[in-house]
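Heads up: the structure comes next, in structure tokens.
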């Protein structure tokens, strides 16, 4: 399997993101290396057909020898499909479902303020500020999750625990014994829930979004969730950000049985990768995909909602979509309200537009 990964690394190095036509002749591509198969899905309709409608076959994960060795196979993002994954997703849904999301409003409010404060302190190092803040804010419990987990339990015994994913799950474990939730599953779900970063700033933001925020919010306060319904253009900007530059790589799916699609045989234990970049830059869904056009998501007949693509498919879809949407709104709206986001100026005083570069990962 390491040979497959190396093959993909070389392939992506030879073919940079965005340099190939987003209209492949075939709806999927298959790579074989030393008996291992990697199937790349380039079309959204194919991904929905296989990963959604046939999710019983396509909900597993590939075998990750390094994940087993490091212990990350216990994290929900790497977990093989089975009873343990089903229970883990039920647990996360209880905590992050749309009806329960309001319990996180205060936490999201505080963290979004910390984010813009971090950017304000180091405006010339925005990426570093966001990355440094994200590790602290998301509370990742990486390879040694026990100490912070035990700290939450101790704080709960003292009735001093702040609201967090771990605290809520421990409360649900006692309230819903029929789900057979274990402390181990809570610990690893907390560690793997948000192992990624959201892209919050893009230089191509337009003054129109700021004008909308200013007209609704004014200058005496920051935008809040209560303002969201009155900021429709900002919502289109957020959707276009997700479409224009999908922010995080999605883990490959694995097949639990052999399948057939349009004459193609997809073997058991194949890696199945949804090529999100190709889907969000498909001209049949998004005309002029290389252009940043928020208005494509407005009006009575908007183009495909990128939220249906960027957060996964089928039984592996991210259970925290609503949570992510809420925080992205707060982060972007407050950044636009506080900062003038513009390219640096060169020696001649003219703006120097940055090159937008992307890393070559599984969504490239």
Which of the following residues is within 27 Å of residue 104 (Cβ to Cβ), in a loop (DSSP other than H, G, I, E, B) and modelled with pLDDT of 90 or more: 247, 223, 287, 319? 223
Take segment 35-57 and flag every residue that is farther than 19 Å from residue 86 by Cβ, in contact with a helix residue (DSSP H, G or I) (Cβ under 6 Å, 6 or more places away or on another chain) and buried (at least 21 other Cβ atoms within 10 Å of the Cβ). 38, 41, 42, 44, 50
Just the residues that are over 21 Å from residue 252 (Cα atoms) and in a loop (DSSP other than H, G, I, E, B), please, taken from segment 79-110. 97, 98, 99, 100
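Let's see how each residue does on (1) in contact with a helix residue (DSSP H, G or I) (Cβ under 9 Å, 6 or more places away or on another chain); (2) at pLDDT below 90; (3) assigned to a helix (DSSP H, G or I):
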site: 4; (1), (2), (3): no, yes, yes
site: 7; (1), (2), (3): no, yes, yes
site: 20; (1), (2), (3): yes, yes, no
site: 24; (1), (2), (3): yes, yes, no
site: 63; (1), (2), (3): no, yes, no
site: 69; (1), (2), (3): no, yes, yes
Can you pull out the residues in segment 294-316 that are surrounded by fewer than 17 Cβ atoms within 10 Å (Cβ to Cβ) and either at pLDDT below 90 or farther than 22 Å from residue 48 by Cα (or both)? 295, 298, 299, 300
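The values are calculated or read from the model by the stated rules, or taken from the named source; none is laboratory data. This is a predicted model, so every value here is computed, not measured. In this analysis, Cβ positions are derived from the backbone assuming ideal geometry, glycine residues included, and neighbour counts consider all displayed protein chains.
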